[in-house]
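The values are calculated or read from the model by the stated rules, or taken from the named source; none is laboratory data. Just so it is clear, the structure is predicted and the values come from calculations on it, not from any experiment. Every residue, glycine as well, gets a Cβ built from its backbone with ideal geometry; the counts of neighbours run over all protein chains shown. These accessible areas exclude ligands, DNA and RNA; they are computed on the full protein's heavy atoms, side chains included. Shrake-Rupley method; radii C 1.70, N 1.55, O 1.52, S 1.80 Å.
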Amino acid sequence: MSALAPLESRAEACAEALHAADEVLLASHIDADGLTSAAVAATALRRADVPFEVVFKDQLDDAAIASIAATDYDTVLFTDFGSGQLETIAAQEAAGAFTPVIADHHQPADAETEFHLNPLLEGIDGASELSGAGAAYVLARHLEGDATDNRDLAALAVVGAVGDMQASDGELHGANAEIVAQGEAAGSVRTATDLALYGKQTRPLPKLLEYASEVHVPGVSNDPSGAVAFLEDLDVDLKDGGEWRRWVDLNDEERQTVASALVQRALHRGVAANKIDGLVGTTYSLTAEPEGTELRDASEFSTLLNATARYDRADVGLAVCLGDREAALERARTLLREHRRNLSEGIEWVTEQGTTREDHVQWFDAGDRIRETIVGIVAGMAVGSDGIDRSTPIVAFAEKGEDEVKVSARGTNALVRQGLDLSAAMAAGAAAVGGEGGGHDVAAGATIPAGERRTFLNAVDRAVGEQLGQ
């Protein structure tokens, strides 16, 4: 049986509701998963001749839902959020504001609505087996009443899953893997076993190795001269006209030479064997995109998308997903350069400042030094750096206006296997201070009133301790 089969009846009901609508408001989240969710849904709605408009929200709180209810749309399709806010949405539905259709993968609130597609309702893990874009894809397969249609949209669903860090252990699993298989059958996705480093399409080889954060190889990682020396010592010409080539430019034999030497260097420098395994993984390529561009690789595509919406240009990211390869793509690349610079500066600041330890979590308060839309990414990337303990969940604060604070939390899959559920912990912390929180077991967020950090931290620390049996 297909891993997606348990979702089919829900998807069919949701599709029927959308077909019956005169016009749909498509509301989606702003990260890579949210943008690809919106793109998948928008493409499917257009193909099904269902009129729609798109709106993005960085947070679906009561005020955001009220603003949606104030529109003239009878039907609202929520993608990559909505399940966690189901109580408020259901109340608006009961008041006759709109009919909600939800395609999400976050932890559902304790309420019900008729048209609700969420893997967690069918025993499928929404944190590791199906993303928001994956849920939108399952819905899209039914929007024309024929479950064989829209398989080409699997490529965007894969980008969403990778952007949501659901391939953090080297490959996509469960329902995500079924979507990959459908994408391969449709010819829109290609998989390969390859070096699992970010930037294989676009980065010159020394930068590819220097910036690789997946596995720290002493004398190469975070060492510009070391990365160059490592490559120059290999018995293979890795330059073209004096310029360093990219991984995508190498043939199979050259790639094997570099990869084998990198593994040997890691072994000789004492890197644990289980960590070395992380140097190799499954890569996901979008066959319709040119090689050597950010759009060819699912990981690089997702980073490009994150660089748009997190800087208030979700419209640019959506346009790229929908095929704009001119003005929107150029603007996205400009935002990506800014995004990388801000991430680098943020990680440097966190590693310099370090974190403060509670009994069960570590935390830092970035204030206005790190943009609240990227503080969670910075926290996740900083884990494992000097002084940042990988075995302890990290909580990050950043200012969000005068009266609110954005909180992001990140853990690891190993901690989740021990019982960590950051979604529940952040919800508990937010409830203690009158805020809102939720997300996934490995990554979650909250918005809390300014001045309530300590009370919030105490509640989160206590919840994490209980989860981990400490």
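Can you name the residue in the stretch 70-97 that is part of a helix (DSSP H, G or I) and of a type outside the set (A, V, I, L, M, F, W, C) and, of all such residues, is least open to solvent (accessible area, probe 1.4 Å)?
Let us first name the residues in the stretch 70-97 that are part of a helix (DSSP H, G or I), namely 83-94.
Filter again for of a type outside the set (A, V, I, L, M, F, W, C), leaving 83-85, 87-88, 92-93.
Working: S83: 0, G84: 40, Q85: 51, E87: 110, T88: 40, Q92: 46, E93: 57 Å².
Taking the candidates together, the pick is S83.
Select from the stretch 362-400 the residues that are in a strand (DSSP E or B), free of Cβ contacts under 8 Å to residues at least 60 places away in the same chain and open to solvent by 30 Å² or more (accessible area, probe 1.4 Å) and list them in ascending order. Of everything in the stretch 362-400, those that are in a strand (DSSP E or B), free of Cβ contacts under 8 Å to residues at least 60 places away in the same chain and open to solvent by 30 Å² or more (accessible area, probe 1.4 Å) turn out to be E399, K400.
Residue check: is S408 part of a strand (DSSP E or B) and either touching a strand residue (DSSP E or B) at 6+ places or on another chain (Cβ under 8 Å) or of a type in the set (S, T, N, Q) (or both)?
Here the answer is yes, as S408 does meet what is asked.
In the condition set (1) in contact (Cβ under 8 Å) with a residue 60 or more places away in the chain; (2) open to solvent by 10 Å² or more (accessible area, probe 1.4 Å), E300 is compliant with all but (2).
Answer yes if at least one residue in the stretch 307-316 is closer than 24 Å to A177 by Cα, open to solvent by less than 30 Å² (accessible area, probe 1.4 Å), modelled with pLDDT of 95 or more and in contact with a Ser or Thr (Cβ under 8 Å, 6 or more places away or on another chain), and no otherwise. Looking for residues that are closer than 24 Å to A177 by Cα, open to solvent by less than 30 Å² (accessible area, probe 1.4 Å), modelled with pLDDT of 95 or more and in contact with a Ser or Thr (Cβ under 8 Å, 6 or more places away or on another chain), one finds none in the stretch 307-316, hence no.
So is L197 within 20 Å of the chain's Cα centre (by Cα) and either under 30 Å from L267 (Cα atoms) or at pLDDT 95 or above (or both) or not?
yes
One residue stands out among those in the stretch 106-117 that are assigned to a loop (DSSP other than H, G, I, E, B) and in contact (Cβ under 8 Å) with a residue 60 or more places away in the chain: the one that is least open to solvent (accessible area, probe 1.4 Å), which is H106.
Inspect all residues belonging to the stretch 149-161 and state whether any of them is open to solvent by 30 Å² or more (accessible area, probe 1.4 Å), under 28 Å from N274 (Cβ atoms), part of a loop (DSSP other than H, G, I, E, B) and touching a residue at least 40 places away in the same chain (Cβ under 8 Å).
First, the residues of the stretch 149-161 that are open to solvent by 30 Å² or more (accessible area, probe 1.4 Å): 149, 151-152.
The next check asks that each one be under 28 Å from N274 (Cβ atoms); those that pass are none.
Checked against the condition, which is being open to solvent by 30 Å² or more (accessible area, probe 1.4 Å), under 28 Å from N274 (Cβ atoms), part of a loop (DSSP other than H, G, I, E, B) and touching a residue at least 40 places away in the same chain (Cβ under 8 Å), the stretch 149-161 yields no hits at all.
Within the stretch 302-361, restricting attention to residues that are within 19 Å of the chain's Cα centre (by Cα) and not in a helix (DSSP H, G or I), the residue that is farthest from A463 (Cα to Cα) is L322.
Looking only at the stretch 12-38, residues that are hydrophobic (A, V, I, L, M, F, W, C) and crowded, with 23+ Cβ neighbours inside 10 Å come to 10 in all. Quick check on L143: is it within 20 Å of the chain's Cα centre (by Cα), on the phi < 0 side of the Ramachandran plot and crowded, with 17+ Cβ neighbours inside 10 Å? So L143 fails the test.
The set of residues in the stretch 18-38 being assigned to a helix (DSSP H, G or I) and not hydrophobic (A, V, I, L, M, F, W, C) consists of H19, D33, G34, T36, S37.
The single residue among A127, A41, A63, A133 that is assigned to a helix (DSSP H, G or I) and open to solvent by 10 Å² or more (accessible area, probe 1.4 Å) turns out to be A63. Pairing residues of the stretch 303-315 that are over 18 Å from Q201 (Cβ atoms) with residues that are open to solvent by 10 Å² or more (accessible area, probe 1.4 Å) and of a type outside the set (S, T, Y), at Cβ distances under 6 Å and at least 6 apart in sequence or on separate chains, gives A309/I30; A314/I30; A314/F56.
Filter the stretch 247-261 down to the residues that are acidic (D, E) and open to solvent by less than 50 Å² (accessible area, probe 1.4 Å) and list them by number.
The answer is E254, and nothing else.
In the stretch 199-246, the residue that is farthest from A272 (Cα to Cα) out of those that are surrounded by fewer than 17 Cβ atoms within 10 Å (Cβ to Cβ) and of a type in the set (S, T, Y) is S225. Taking the stretch 443-456 as the range and being surrounded by 20 or more Cβ atoms within 10 Å (Cβ to Cβ) and either of a type in the set (D, E, K, R) or over 20 Å from the mean Cα position of the chain (by Cα) (or both) as the test, the residues that pass are I448, F456. Whenever a residue of the stretch 274-295 is over 15 Å from V158 (Cβ atoms), its partners that are acidic (D, E) and open to solvent by 20 Å² or more (accessible area, probe 1.4 Å), lying with C-beta atoms within less than 8 angstrom and at least six residues away or across chains, give the pairs G278/E214; L279/E214; V280/D194; G292/D249.
Scanning the stretch 425-466 for residues that are under 22 Å from S168 (Cα atoms) and without any contact (Cβ under 8 Å) to a residue 60 or more places away in the chain gives A425, M426, A444. Applying the criterion of being in a loop (DSSP other than H, G, I, E, B) and in contact with a helix residue (DSSP H, G or I) (Cβ under 8 Å, 6 or more places away or on another chain) to the residues of the stretch 1-17, the residue that is farthest from I68 (Cα to Cα) is S2.
Conditions (1) closer than 21 Å to E129 by Cβ; (2) crowded, with 20+ Cβ neighbours inside 10 Å, marked per residue:
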residue: E402; (1), (2): no, no
residue: K406; (1), (2): no, yes
residue: L420; (1), (2): yes, yes
residue: D441; (1), (2): yes, yes
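Y284 falls short on exactly one of the conditions (1) crowded, with 17+ Cβ neighbours inside 10 Å; (2) assigned to a helix (DSSP H, G or I), and that condition is (2).
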